[in-house]
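K.L.:
This is the structure I want to talk about, given as structure tokens.
The values are calculated or read from the model by the stated rules, or taken from the named source; none is laboratory data. Quick caveat: nothing in here was measured; it's all calculated off a predicted structure. So basically every Cβ, Gly included, is an ideal-geometry build from the backbone, and we count neighbours across all protein chains shown.
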Amino acid sequence: MQAQSIQEVIEFLDHIILQCEQQGSRQAYFAMLYREMTVAVRHGIQTGVFENPERMERLDVIFANRYLSAWQQYSLAQPTTRSWQAAFDACSDDALIVLQHLVLGVNTHINLDLAIAAATTAPGEEIFALQGDFERINDVIASLTDDMQARLERIWWPMHFIRRIMQRRDEAVIEFSISKARQAAWTNAMALAQLPDLGAAAYIEQMDNVVAAVAGNIRQPRGWIAYVLRLVRWWEPKTVGEVIGLLR
């Protein structure tokens, strides 16, 4: 499953969402958020938001293909990265709230995939010219994640507790900060762009291990926040179909 254009990315995501909906899989949650991200990036390209539209489409397709490949590998019980394995495994956990599933996907896609996609799109010294558009695509991801949380808050009032936690601590579902993830992704992209293939492979493996550890903290937060999340989960719809309908 490899897309050649943004339009193909959207079509593949539609396929994933439909299949997950039919199977009652929580993997649909992040796929729905990611579809919105992709549509927003396409709109940005069409309206001149990005400095280099052609380069941005190339980056977006490389970026998306990492998720599409990981989803397909996991569906076929084939090996994938530790961090995507952790995010997909968590989809079978009925105790997690919807926002945890969304952030698990965002965690892997920003902290692992975005840096790799950026370094692939702009290797060597070219990476420095990419910074402006890199920050803009991060703005899209952050704004849509925040919009999705606001949507959840309107549907389920206990999400207000999570909103207050985020405002105070700049964290989304504990142990994850979007702003810090953005900074780390750019640092990693610059490092990967300068490394030879063998060094890059080792660096990516190290990144993957760190991101998987963050996923573990998102899935099993520490302290009192765990009790808050249980309250939110108690108020959420009980079936995947209901959640998908509300998110849509």
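K.L.:
Could you say whether any residue in the stretch 197-212 is modelled with pLDDT of 95 or more, small (Gly, Ala, Ser) and surrounded by fewer than 21 Cβ atoms within 10 Å (Cβ to Cβ)?
P.N.:
For the stretch 197-212, residues modelled with pLDDT of 95 or more, small (Gly, Ala, Ser) and surrounded by fewer than 21 Cβ atoms within 10 Å (Cβ to Cβ): present.
K.L.:
Scanning the stretch 188-229 for residues that are of a type in the set (D, E, K, R) and free of Cβ contacts under 8 Å to residues at least 40 places away in the same chain, which turns out farthest from Gln100 (Cα to Cα)?
P.N.:
So the first thing to find is which residues in the stretch 188-229 are of a type in the set (D, E, K, R), and the list is 197, 205, 208, 219, 222.
Checking which are free of Cβ contacts under 8 Å to residues at least 40 places away in the same chain leaves us with 197, 205.
Details: Asp197: 34, Glu205: 24 Å.
Among those residues, the one meeting the criterion is Asp197.
K.L.:
Then there's this: Would you please list the contacts, defined by Cβ atoms under 8 Å and residues six or more apart or on different chains, that run from a residue in the stretch 121-146 that is more than 21 Å from Val103 (Cβ to Cβ) and among the polar types (S, T, N, Q) to a residue that is surrounded by 13 or more Cβ atoms within 10 Å (Cβ to Cβ) and modelled with pLDDT of 90 or more?
P.N.:
Note: pairs meeting the criteria are Thr121/Arg55; Thr121/Arg58; Thr121/Leu59; Thr121/Ile62; Thr121/Leu130; Gln131/Trp186.
Results for (1) surrounded by 16 or more Cβ atoms within 10 Å (Cβ to Cβ); (2) modelled with pLDDT under 95; (3) of a type in the set (A, V, I, L, M); (4) farther than 12 Å from Leu68 by Cα, shown as yes or no for each residue.
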site	(1), (2), (3), (4)
Glu8	yes, no, no, no
Phe12	yes, no, no, no
Ile16	yes, no, yes, no
Glu21	yes, yes, no, yes
Met32	yes, yes, yes, yes
Arg35	yes, yes, no, no
Ala40	yes, yes, yes, yes
Ile45	yes, yes, yes, yes
Val49	yes, yes, yes, yes
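K.L.:
Can you tell me which residue in the stretch 88-122 is surrounded by the fewest Cβ atoms within 10 Å (Cβ to Cβ), limited to those that are of a type in the set (Val, Ile, Thr) and outside any loop (DSSP other than H, G, I, E, B)?
P.N.:
Of the stretch 88-122, the ones of a type in the set (Val, Ile, Thr) are 97-98, 103, 106, 108, 110, 116, 120-121.
Among the residues that remain, those that are also outside any loop (DSSP other than H, G, I, E, B) are: 98, 103, 106, 108, 110, 116, 120-121.
Details: Val98: 24, Val103: 30, Val106: 26, Thr108: 28, Ile110: 23, Ile116: 22, Thr120: 17, Thr121: 24.
Applying the filter and picking the extreme gives Thr120.
K.L.:
Pick from the stretch 51-77 the residues that are in contact (Cβ under 8 Å) with a residue 40 or more places away in the chain and in a loop (DSSP other than H, G, I, E, B): which of them is surrounded by the most Cβ atoms within 10 Å (Cβ to Cβ)?
P.N.:
Per the stated criteria, the residue is Asn52.
K.L.:
Select from the stretch 19-32 the residues that are under 14 Å from Leu247 (Cβ atoms), of a type outside the set (Ser, Thr, Tyr) and assigned to a helix (DSSP H, G or I) and list them in ascending order.
P.N.:
Residues satisfying the conditions are Cys20, Glu21, Gln27, Ala28, Phe30, Ala31, Met32.
K.L.:
If you take the residues in the stretch 230-248 that are among the basic types (Lys, Arg) and either part of a helix (DSSP H, G or I) or without any contact (Cβ under 8 Å) to a residue 24 or more places away in the chain (or both), which one is nearest to Leu18 (Cα to Cα)?
P.N.:
Lys238
K.L.:
Then there's this: Tell me, which residue of the stretch 181-196 that is surrounded by fewer than 14 Cβ atoms within 10 Å (Cβ to Cβ) and within 30 Å of Pro221 (Cβ to Cβ) is modelled with the lowest pLDDT?
P.N.:
Gln183
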